[in-house]
Each structure stands twice: as C-alpha cells, then as structure tokens.
Amino acid sequence: MDDEDIVARARELSESIHRGLAPSHDFSHVERVYRLAERIATSEGADLFVVRMAALLHDIGRAEEARASSADDCHEELSVRMASPILDGLGVSGERKAAILHAIAAHRHRRGEEPRTLEAKCLFDADKLDSLGAVGVARSYLWLGEHGRGVYYPEEEYAHVDPEDNRAEVDSAQREWHIKLKYLKDKMYTASGRKMAMERHERMARILDEIEKEVKGEY
C-alpha cells in the first residue's frame, strides 16, 4: 500500500473503533482534529503522513477506556498500545511508526509526555483547538449532557473545588473555562496553532459571556 491507501485504511479502522462512543469524543472529533492538524502541518512544514496517521489514531483508546469503565483517564496510553499493531498491520514501521506513536502519546494536556517533534506539536495544537471556540462550547455541553450536568453554574459553586478534580458532578462549562480552557491559547506549540487559538479563545469567551447574561435575564 502507498501512503494514501494506508491513511484511508487507518481512517476506516478509526471510524469503526469510535462507533458507539459518546458524541463529545466520537469520530466527528477525530475528523475535526484531522483537518486542523493537516492545516497546521502544511503551514509549519511537518510530515503530513505522520500527522494524518497520528490524528486518526490519537483517541482510539477511548473505546477501550469506556468498555473498562476505567477511572485512570489514560486513553493516550491505551491509544498507543492499540495503534502499534495497527501500524504494523498497515506496513508502517521504523522511524515513521515511532513518530506516530510519540505524537499520540504526547497529545494530552493534563497528562502525558511532552511533544518533542514538530508532528507531535501539530497534533497537540489541533486537539486543543477543538476544545476552543464555538465548537469547544458545543463539545463542552455535549459532555455535560452525557453526565447529567446543566447549562450554567455560578463561580461560587466551583471556586473551592480542586482544579485536579475531574469528576463530572463538579464540572461545568464555566469551571472548565476558568481552570483550563482560557489558558490553552498560551500552551500552543506552533505559530499556526497560536493564531487560531487566539481567535477561538476570543470567540469562546464571547459565547460564554452571552450565556451568562441570558441565564441571569439581563437580556
């Protein structure tokens, strides 16, 4: 198989693995990250094959995590473990395989290893960008809905909660913005990612501000 065929096969496998996952992390998330990572990689001069493959496989461990009802929140490690034999089966080996697995392992924000290669940095930035902007707001509410949470929670309800506490019952779009999302623009690795992150940061801040005003009946 040539590179194009390998990417196409990896897409089919990823879509199949993601089937049935909750909407906040289903295959549509993978597709958005793929497009963003491809755009960043093209602008930054990264290896497109490595970036495309890593984007397609970066979250496949979520399926295993969901089946195991794991509390470890280690889907990047599971994704690496699952991706390795997939890459072998597709004939991807050596340095390219190692580069793809490193990008997958390093795509997390809260944990995981630091991205050391340009390709890993492209994937990291793309994955974070999908948590910002209008899509970031939509995904936040998808996740909250999956866990029985509501539209708005005032700061006094989460101000004293440990920022490391990831339990759904203490989370909200407002809390995620204050403890994590508003800082993502400063954590991008690439110039392209930083530019897009700033635009999405401002858009998300405006939307959350509008939600707060409407909840309070200000207009």
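The values are calculated or read from the model by the stated rules, or taken from the named source; none is laboratory data. Everything quoted here is computed from the prediction, not taken from an experiment. Neighbour counts run over all protein chains shown; Cβ positions are idealised from the backbone, glycine included. Remember, those area values only see protein heavy atoms, side chains included, never the ligands or the DNA or RNA. Shrake-Rupley method; radii C 1.70, N 1.55, O 1.52, S 1.80 Å.
Of the set (1) touching a Lys or Arg at 6+ places or on another chain (Cβ under 6 Å); (2) in a helix (DSSP H, G or I), all apply to M188 but (2).
Among the helices (runs of 4 or more DSSP H) confined to segment 44-160, there are none with at least 3 residues that are modelled with pLDDT of 95 or more and among the basic types (K, R).
Name the residues in segment 144-177 that are among the aliphatic types (A, V, I, L, M) and either farther than 20 Å from L21 by Cα or over 22 Å from the mean Cα position of the chain (by Cα) (or both), would you? Before you say what the answer is, go through the steps one by one.
Filtering segment 144-177 down to residues among the aliphatic types (A, V, I, L, M) leaves 144, 151, 159, 161, 168, 170, 173.
Across segment 144-177, the qualifying residues are V151, A159, V161, V170, A173.
Residues that are open to solvent by 40 Å² or more (accessible area, probe 1.4 Å) and under 18 Å from the mean Cα position of the chain (by Cα) within segment 187-202 comprise K187, Y189, R194, K195, M198, E199, R200, listed in sequence order. Total residues in segment 138-186 satisfying the condition of being open to solvent by 60 Å² or more (accessible area, probe 1.4 Å), within 22 Å of R32 (Cβ to Cβ) and in contact (Cβ under 8 Å) with a residue 40 or more places away in the chain: the figure is 3. Starting from segment 112-130, take each residue that is in contact (Cβ under 8 Å) with a residue 60 or more places away in the chain and list its partners that are part of a helix (DSSP H, G or I) and aromatic (F, W, Y), counting only C-beta distances under 7 angstrom and pairs at least six apart or across chains. Matching pairs, first to second residue: P115/F124.
Would segment 50-59 turn up any residue that is basic (K, R) and under 14 Å from A120 (Cβ atoms)?
First, pick out the residues of segment 50-59 that are basic (K, R): 52.
Applying the additional criterion that residues be under 14 Å from A120 (Cβ atoms) yields 52.
Yes, segment 50-59 contains a residue that is basic (K, R) and under 14 Å from A120 (Cβ atoms).
Is it the case, given these coordinates, that D209 is over 13 Å from S131 (Cα atoms), touching a helix residue (DSSP H, G or I) at 6+ places or on another chain (Cβ under 8 Å) and of a type in the set (D, E)? Criteria not met by D209. Within segment 28-47, track down each residue that is surrounded by 19 or more Cβ atoms within 10 Å (Cβ to Cβ) and under 18 Å from the mean Cα position of the chain (by Cα). Result: H29, V30, V33, Y34, L36, A37, I40, A41.
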